[in-house]
Amino acid sequence: MRFLMPVVHYLYSNFHTKAQLYRMLKTISKTPISFFHVSAAYEKAWELMNTYRSNWKETYKKHTRRIAELHVVLLGRPYTVLTDAMNKGIPNFFASLGIKAFSQDMLSYSNPDTKAIEPLFKQLHWHYASQILESAEVVAKSADAYPVLVSAFKCTPDSFVIDYFKKIMDAHQKPYLILELDEHSAVAGMITRLEAFKNVIQNEHSQTIRSWQETKCCAS
């Protein structure tokens, strides 16, 4: 069995990635292949990916447009959160409980929204870890969104993320749920935890909305 392993580093330029892909593909292509063809294919794929990302963000805005609509945002590595084999059907379970579930890739935010946790990024060297914590900060400050961190059991980078994630949530006094999954995770036990989390966030959200309405009334 032969493995194809181009060295792709997210901190480097796109040119570096294209060059790595070109070197790899040149060794296995049965027909002549040029750097131009690889570059064009890469740009097309990059454009398509950005289009999908933009559509995800618009979908989130569309489905959370109603005022005071409680929902959860699943935080974690995309291959853990978005694949059925890894996420154990968590999005569908939330749907069966009447709660919409979204992924962190659907959030829209800018640097000012995560400025408070910038010092954390100097201590983290993992791309997805930074994304997860950025999303955690955004969700923690939302009145209607509640975070569910989905991690892989005994994953070392995830262990660091969990510690920082808890600190962010505690700083904002935000209810949260952490699910560490592996192939042996019991679905029945997970459903019980999701049901309990639903009750917690519904109670907390009702209190938040009530406080907001009282504050608005007094201000008037």
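Scanning region 114-124 for residues that are within 17 Å of the chain's Cα centre (by Cα) and either open to solvent by 80 Å² or more (accessible area, probe 1.4 Å) or more than 15 Å from A171 (Cα to Cα) (or both) returns F121, L124. Only helices (runs of 4 or more DSSP H) whose full extent lies in region 1-103 are considered here, and the ones with at least 3 residues that are out of contact with any Ser or Thr (no Cβ under 7 Å at 6 or more places or on another chain), modelled with pLDDT of 90 or more and surrounded by 13 or more Cβ atoms within 10 Å (Cβ to Cβ) are 14-26, 35-63, 90-96. Considering Y164, Y146, the condition of being open to solvent by 30 Å² or more (accessible area, probe 1.4 Å) and among the hydroxyl-bearing types (S, T, Y) is satisfied by Y164 alone. In this structure, K166 does not qualify as more than 22 Å from L82 (Cβ to Cβ) and either of a type in the set (D, E) or more than 17 Å from the chain's Cα centre (by Cα) (or both).
For G189, the conditions (1) part of a helix (DSSP H, G or I); (2) at pLDDT 80 or above; (3) within 26 Å of D84 (Cα to Cα) are fulfilled apart from (2). Checking each residue in region 23-39 for being polar (S, T, N, Q) and within 34 Å of the chain's Cα centre (by Cα) picks out only S39.
The values are calculated or read from the model by the stated rules, or taken from the named source; none is laboratory data. Note that the structure is a prediction, hence the values are computed from the model and not measured. Neighbour counts run over all protein chains shown; Cβ positions are idealised from the backbone, glycine included. The accessibility values were calculated without ligands, DNA or RNA, using every heavy atom of the protein model including side chains. Shrake-Rupley method; radii C 1.70, N 1.55, O 1.52, S 1.80 Å.
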